[in-house]
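None of the figures in this text is laboratory data; all of them are computed from the coordinates on show. Computed from a predicted model, the values in this text were never measured in an experiment. A quick note on method: Cβ atoms are made from the backbone with ideal geometry, for glycine too, and the neighbour counts reach across all protein chains shown.
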Amino acid sequence: MTIESACIPLPSEIIMPFSGYLVTTGRFTLWGVVLAGAVGNVLGSWLSYWLGLKGGRPLAQRLARWRVIRIEEYDRADGWLNRHGLQVAFWTRLLPIVRTFISFPAGAARVPFWRFSLYTFLGSAVWSLVLAYIGVMFREHWDRIREYWRGLDLIVIVALGLLFLLWLRSHFRSSHDAAPPDSSGPRR
């Protein structure tokens, strides 16, 4: 969970349901899993928050030059934080993908650190509880998931590959794609 919140894509949607399954085996307790997930999210968020605090917009611009992010995405998150305040730290923890990347702009916007940490913890605890409980509900049927995924795993891999290619295309378009048309008149 720390890795995911440090902006490294390791989906909690896999980690937490499996942890919930391990609750049913007696290996963990549900509240221990929820606490570990929430604390892990806070720790990873602190790293991203610190990078945003120290690097801010200049770091975001460098990352945009390297095509890691688009500056428009950074500006959108920054505007969202400025408009809605710290509640964003709570609600975004309940949204896949967004939850991973909100800490950097929060640090850059210099939202109050301890309040940000509290809202991050609370939102992450809710997210961790929901996902872990899904794993608990699967209980002894956990092994059967493999049967259902056997045909879907290839589809998921292809879909993820296509999404990655679309992401590459949107981030690596040459600057002349967005350049205004030549104003010297029509060509003959």
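Observations
- In the range 2-99, chymotrypsin sites (Phe, Trp or Tyr not before Pro) in a DSSP loop with at most 12 other beta-carbon atoms within 10 Å: TRP66
- Contour minus Cα-Cα distance for LEU43 and LEU166 (0.36 nm per residue): 41.2 nm
- Estimated distance in nm for a label pair at VAL130 and TRP31, the labels positioned 7 Å out from Cα along Cα-to-Cβ: 2.2
- Expressed in units of 2.2 N^0.38 Å, where N is the residue count, the Cα radius of gyration of the range 1-99 is 1.25.
- Projected label points at ILE155 and ARG76, each 7 Å from Cα along the beta carbon direction, are separated by 2.7 nanometres.
- Overall dimensions of the range 54-106 as given by Cα atoms, namely Rg and Dmax in Å: 11.1, 31
- Label point distance in nm, ARG83-ARG67, each placed 7 Å from Cα along Cα→Cβ: 3.0
- Phi-based couplings in Hz for the range 113-127 (Karplus 6.51, -1.76, 1.60; Gly and Pro marked x): 4, 6, 5, 4, 5, 5, 5, 4, 4, 5, x, 5, 5, 4, 4
- As a length-normalised measure over Cα pairs under 8 Å and 6 or more apart, the relative contact order of the range 1-131 settles at 36 percent.
- Neighbour cut-off at most 14 other Cβ (10 Å), DSSP loop, trypsin sites (Lys or Arg not before Pro), the range 90-141: ARG110
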